[in-house]
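Structure record follows, encoded as structure tokens.
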Amino acid sequence: MPSIKNKWNTKYAQMKHEPLADPDVVRFYDLVPKGRALDIACGRGGNAIFLASRGFTVDAVDISDVALAPLKEYPGITPFCQDIASFDFGKNRYDLILNINFFERSIFENIFLALRPRGIFISKVFTYKSSMNPTYTAKKNELLELYNKLEIVYYNLDKNAKAILVGRKER
């Protein structure tokens, strides 16, 4: 059985289109002043590139070195090729944290601790209403429960069975 890293390397090697920023990241990124951002499971870096082009300093983490290779050329982006479970989130390090199309319950407390006061967290994940493997999907209202320490700025379940949550760390 191929490793997870090999699986994602193969997937990203086959992609030919340019990476794009998620529309909800574009919609909500400016709720926080420019600063330091973390893009979790960034893939080919569409969101990281978007944020860096708007003045953010971005740490982009993904398990795929194939996906991350082009990001080494972008000013303002530091790629980290590793499993997110072993990433050092730090404390009060980020003004903005993105978690788009990736769901890993074990990192939720790390995300909260890594946000600076008044920092923004944007999460968009598949839910129980999707046909995805339940291990990688949020249960009904799970994002709201997991991030109840944040002030919820926006929450929605969209037509594609994805939940989006935008939260702010109060202090």
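The values are calculated or read from the model by the stated rules, or taken from the named source; none is laboratory data. Only a predicted model underlies this, so the values are computations on that prediction, with no experimental measurement involved. Counting neighbours? That spans all protein chains shown, and the Cβs are built from the backbone with ideal geometry, glycine included. Just the protein is used for accessible areas: all its heavy atoms, side chains included, with ligands, DNA and RNA removed. Shrake-Rupley method; radii C 1.70, N 1.55, O 1.52, S 1.80 Å.
When the stretch 58-80 is filtered for residues that are at pLDDT below 95 and in a strand (DSSP E or B), nothing remains. Close Cβ contacts (under 6 Å, 6 or more residues apart or on different chains) running from residues in the stretch 155-171 that are touching a residue at least 24 places away in the same chain (Cβ under 8 Å) to residues that are in a loop (DSSP other than H, G, I, E, B) and of a type in the set (S, T, Y) comprise A161/S130; G167/Y147.
Every test in (1) touching a helix residue (DSSP H, G or I) at 6+ places or on another chain (Cβ under 7 Å); (2) surrounded by 18 or more Cβ atoms within 10 Å (Cβ to Cβ); (3) more than 18 Å from E170 (Cβ to Cβ) is passed by A138 save one, and that test is (1).
Scanning the stretch 39-86 for residues that are touching a residue at least 40 places away in the same chain (Cβ under 8 Å) and aromatic (F, W, Y) returns a single hit, F56.
Looking only at the stretch 1-57, how many residues end up being in contact with a strand residue (DSSP E or B) (Cβ under 8 Å, 6 or more places away or on another chain), in a loop (DSSP other than H, G, I, E, B), surrounded by 20 or more Cβ atoms within 10 Å (Cβ to Cβ) and not hydrophobic (A, V, I, L, M, F, W, C)? So the answer is 2. Listed by first and then second residue, the pairs with beta-carbon distance under 9 Å, at least 6 apart or on different chains, first residue in the stretch 90-104 and assigned to a loop (DSSP other than H, G, I, E, B) and at pLDDT 95 or above, second among the small types (G, A, S) and buried (at least 21 other Cβ atoms within 10 Å of the Cβ), are G90/A114; K91/A114; N92/A114; N92/G119; R93/A114. Taken over the stretch 138-162, the residue count meeting the criterion of being within 15 Å of the chain's Cα centre (by Cα) and at pLDDT 95 or above is 0.
Scanning the stretch 115-135 for residues that are open to solvent by 60 Å² or more (accessible area, probe 1.4 Å) and of a type in the set (D, E, K, R), we see that the one that is nearest to R36 (Cα to Cα) is R116.
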